[in-house]
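Computed from the coordinates by the stated procedures, all read-outs in this text should not be read as laboratory data. The structure presented is a predicted model; accordingly, all values stated were derived computationally and were not measured. Don't worry about glycine lacking a Cβ; one is built from the backbone with ideal geometry, like all the others, and counts go over all protein chains shown.
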Amino acid sequence: MTTLFTDDGRAYAATVVSATPAVALQVKTPESDGYRAVVIASGERKESHINKAEKGRMKELGNFRTMKEFRPKRTRETIEGIEVGAKFDVSVFSEGDKVAVSAISKGKGFQGVVKRHGFAGGPRTHGQKHSEREPGSIGGGGRAGGRVVKGMRMAGRMGGDRITVKNLKVLQVDKDSNTLVLSGAIPGRRGALVEVRGM
């Protein structure tokens, strides 16, 4: 992340995203596959690290690191006109566009209810010694028949979930270095694979 100053003097907390060109690897149709979708591939890796099945799928288009299938969900989304081998780069975005970014969030390990769910904890006074960060009562017999209700917010593994942040503004598009500068923070660690979609 960085700070980006605009011409009118505004300072934005911004995230720089390396958006390497992507290639349409496969176009699925209702006739051949039963549904509409397009498989997009990006990144690069050694040819010796690719098995024969993946190599056959990539054809001669390149040695890609990742492959992801996208289905048109909304009515205004379409994959008409996209052919195998079509390339997409940062030029599909322009400054001022609103985008949605999805990625796997940072894993934070086993955490308590204060950090994981924002609980306030118990009071320090009134005869209590060590209940500052405890969850308190989770129901008991009268509420659910002596069992723990499904979805009860408790301590457990935190992070490592797919998170989508919407309505981020594209502040800069650099076609030479294939980078996007987006307003605000996005999920994931440095080097994580992210999806940037127009809204």
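Using the charge dipole of segment 113-153 (Lys, Arg: +1 at Cβ; Asp, Glu: -1 at Cβ; taken about the Cα centre), state which of Ser137, Thr125, Val149 has its Cα farthest towards the positive end. Towards the positive end, the residue furthest out is Val149. What the phi angles of segment 32-40 give under the Karplus curve with 6.51, -1.76 and 1.60, with θ = phi - 60°, is a coupling list of 8, 10, x, 7, 9, 6, 9, 9, 10 Hz, glycine and proline written as x. Is segment 62-128 best put as rounded, prolate or oblate by its Cα gyration tensor, with a ≥ b ≥ c the root eigenvalues, rounded for a/c under 1.5, and otherwise prolate when a/b is larger than b/c, oblate when not? Judged from the Cα gyration tensor, segment 62-128 comes out prolate (a/c at least 1.5, a/b above b/c). Charges were assigned to the Cβ only: +1 to each Lys and Arg, -1 to each Asp and Glu. The resulting dipole of segment 113-153 about its Cα centre is roughly 160 debye. Where (i) -0.24, -0.66, -0.78; (ii) -0.28, -0.76, -0.87; (iii) -0.46, -0.90, -0.97 are the candidate values, the label of the one calculated here for log10 I(q)/I(0) by the Debye sum over Cα atoms at q = 0.08, 0.13, 0.14 Å⁻¹ is (iii). Listed by chain and number, the lysines whose C-alpha is less than 20 Å from the C-alpha of Lys46, apart from same-chain residues fewer than 8 away, are Lys55, Lys59, Lys68. Of the residues His49, Thr15, Leu25, the one whose Cα sits farthest towards the positive end of the charge dipole of segment 1-54 is His49 (charges of +1 on Lys and Arg Cβ, -1 on Asp and Glu Cβ, taken about the Cα centre). Dividing the mean sequence gap of close Cα pairs (under 8 Å, 6+ apart) by how many residues segment 113-153 holds gives a relative contact order of 32 percent. Principal semi-axes of the equivalent ellipsoid, √(5λ) from the alpha carbon gyration tensor of segment 113-153, are 22, 15, 6 Å from largest down.
Across the chain, the relative contact order, built from alpha-carbon pairs under 8 Å that are at least six residues apart, equals 27 percent.
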